[in-house]
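The values are calculated or read from the model by the stated rules, or taken from the named source; none is laboratory data. Quick caveat: nothing in here was measured; it's all calculated off a predicted structure. Virtual Cβ from ideal backbone geometry, glycine too; neighbours counted across all protein chains shown.
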Amino acid sequence: MTKNIKRITEKDNWYKLDLSAIVYPTLQRKDFSSVYRLSVVLKETIQPTVLQQAVDIALKRFPTYKVAIRKGLFWRYLEPNQRPGPFVKPDIRNSCMPMPFKANNRYVIRVYYYDRRISFESHHSLGDGTGGMCVLQTITAVYLRLLGARISNQYFVLDVEQKPDSGEFEDAYLRYANAKVRPARPGEKTYRVRGTKEPFYTLNVINGIMSVKEVSAVAANYHATITEYFNAVLLYALSKKQESEWHLKIRPVKIAMPVNLRRFFPSKTLRNFISMIYPAIDPRLGDYTFEEIIKHVHNYMQYYINDKFLRGDITTNAATQQNPLIRIVPLFIKDFVVRQFYTKIQDCNSSAGLTNMGALKVPDDMKPYIERFDIYMGQPFSSRTNCAIVSFEDILTINFASSIIEADVERLFFRKLVQDGIHVKIESNRDMEVLE
């Protein structure tokens, strides 16, 4: 009886990395971490002392975020972190900086403040944007309550007085990895943006702020959704960029876009539960008009974004981890193989990244305090740009992040939006002349 109790206690003291999370620590370099950022802009200036209290209270509700990443003989794992912190800090110019696993009292999350903005950064090993948004909104709700507001628990705001649901810790991939076929992975190299690499610890951010109603109307004119429209605009910008360059060989232009699997497979998990799709065009087949690109993207989305294809994709991803031979291979060998595969194959399989978190909901009594949200995919693994989209009420923000000096793709992207009649306000942490 005593042995059984001890075994359960030990198991409760650590968490396996989920299927997606296994890859992210492997890619860790001195100058790169898989870090994303979520921000909320309030209508009043942030009070740092109160924000720290809110973080201390809220994080008790998220045990898989109050952790340290540890290394075992065969796998990495997450261990509860009882060290002091994480401590809120004034914001910095270059967000999503590398996150060494032994720094910051071993926390792999950060909380920043600036003026009216609260920013939450997380290593992707802990969870995806859905889990991170639950953390950010819950911290924000607790912060507002400490200032006297009455905020309900709803949507991404979780009850800090309630014990976490066991489903929030689930590796949901393994529950749904049961398709009878494993679809093959496309492996052809794609067009890569050429640019001048920025100095170490520099991330260039360009934000476009616009009206949801305007974007929705333009997308409807093309018979497309907002996500399809933005994918088409990014493909259009990338193809124009490739046309303007000297090159020995024209290559396909492809976008890596995560899909939130919770839309298709019920799960409460706050960990990673996404799958990647790759909208693309192939300029070798001929010149594409924008109308042709958006029609192509629409048809691609209709074909690939469904529970059947996504279940097959989950099954393919899970096959390696479930292989009994892979399980007994030492971690340093796994790291070497995964790093080589990602660098030579996976990272070459897309020209840019794009994610759309969609229209965020907050409790009705929280709306009066919020102006907008932002999301950043963070530092790209290689020299390219990442695009992240989120909306709240009638404010939609498009956030580009890159580690190269040139902003040709971003300029072509926003220029196309303006040509389509969308009014765009640009913000950046860099010299605005690059967009002119």
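The residue of the range 83-116 that is nearest to the chain's Cα centre (by Cα), among those that are surrounded by fewer than 18 Cβ atoms within 10 Å (Cβ to Cβ) and within 16 Å of ILE57 (Cβ to Cβ), is PHE87.
Being at pLDDT 95 or above and surrounded by 14 or more Cβ atoms within 10 Å (Cβ to Cβ) holds for only one residue in LYS425, LYS416, and it is LYS416. If you scan the range 271-289, which residues turn out to be part of a loop (DSSP other than H, G, I, E, B) and crowded, with 22+ Cβ neighbours inside 10 Å? Answer for the range 271-289, where residues must be part of a loop (DSSP other than H, G, I, E, B) and crowded, with 22+ Cβ neighbours inside 10 Å: ARG271, ASN272, PHE273, PRO279. The criterion of being modelled with pLDDT under 85 and of a type in the set (Ser, Thr, Tyr) holds for TYR342.
Within the range 316-331, can one find any residue that is without any contact (Cβ under 8 Å) to a residue 24 or more places away in the chain and among the hydrophobic types (A, V, I, L, M, F, W, C)? Yes, because at least one residue in the range 316-331 is without any contact (Cβ under 8 Å) to a residue 24 or more places away in the chain and among the hydrophobic types (A, V, I, L, M, F, W, C). Among residues of the range 122-135 being closer than 19 Å to ASP56 by Cβ and crowded, with 24+ Cβ neighbours inside 10 Å, the one that is farthest from the chain's Cα centre (by Cα) is VAL135. Return the total of residues in the range 302-312 being under 22 Å from the mean Cα position of the chain (by Cα) and either over 20 Å from ALA184 (Cβ atoms) or not in a helix (DSSP H, G or I) (or both). Residues in the range 302-312 being under 22 Å from the mean Cα position of the chain (by Cα) and either over 20 Å from ALA184 (Cβ atoms) or not in a helix (DSSP H, G or I) (or both): 2 in total. Please find, among GLY312, GLY358, the residue that is surrounded by 15 or more Cβ atoms within 10 Å (Cβ to Cβ) and of a type in the set (Gly, Ala, Ser). One residue alone meets the criteria, GLY312. Taking the listed residues GLU243, GLU170, the one that is farther than 24 Å from TYR342 by Cβ and not assigned by TED's automatic domain parsing to the domain that holds LEU396 is GLU170, with no other qualifying.
When you scan the range 351-379, how many residues do you find that are among the charged types (D, E, K, R) and either modelled with pLDDT under 95 or touching a Leu at 6+ places or on another chain (Cβ under 7 Å) (or both)?
Here the count works out to 1.
Within the range 109-123, residues that are free of Cβ contacts under 8 Å to residues at least 40 places away in the same chain and in the same structural domain as PHE87 (by TED's automatic domain parsing) sit with their Cβ atoms under 6 Å from residues that are surrounded by fewer than 23 Cβ atoms within 10 Å (Cβ to Cβ) and outside any loop (DSSP other than H, G, I, E, B), at 6+ positions apart or across chains, in these pairs: TYR112/LYS89. Condition first: assigned to a strand (DSSP E or B), in contact with a helix residue (DSSP H, G or I) (Cβ under 9 Å, 6 or more places away or on another chain), assigned by TED's automatic domain parsing to the domain that holds ARG372 and not small (Gly, Ala, Ser). Can you find one or more residues in the range 223-240 that meet it? No, there is no match, as no residue in the range 223-240 is assigned to a strand (DSSP E or B), in contact with a helix residue (DSSP H, G or I) (Cβ under 9 Å, 6 or more places away or on another chain), assigned by TED's automatic domain parsing to the domain that holds ARG372 and not small (Gly, Ala, Ser).
Of the numbered criteria (1) small (Gly, Ala, Ser); (2) farther than 26 Å from ASN204 by Cβ; (3) modelled with pLDDT of 95 or more, the one GLY72 fails is (3). For THR130, are the conditions met, namely being of a type in the set (Val, Ile, Thr) and closer than 16 Å to PRO48 by Cα? No. Among the residues making up the range 140-196, those that are outside any helix (DSSP H, G or I), small (Gly, Ala, Ser) and at pLDDT 95 or above are GLY148, ALA149, SER152.
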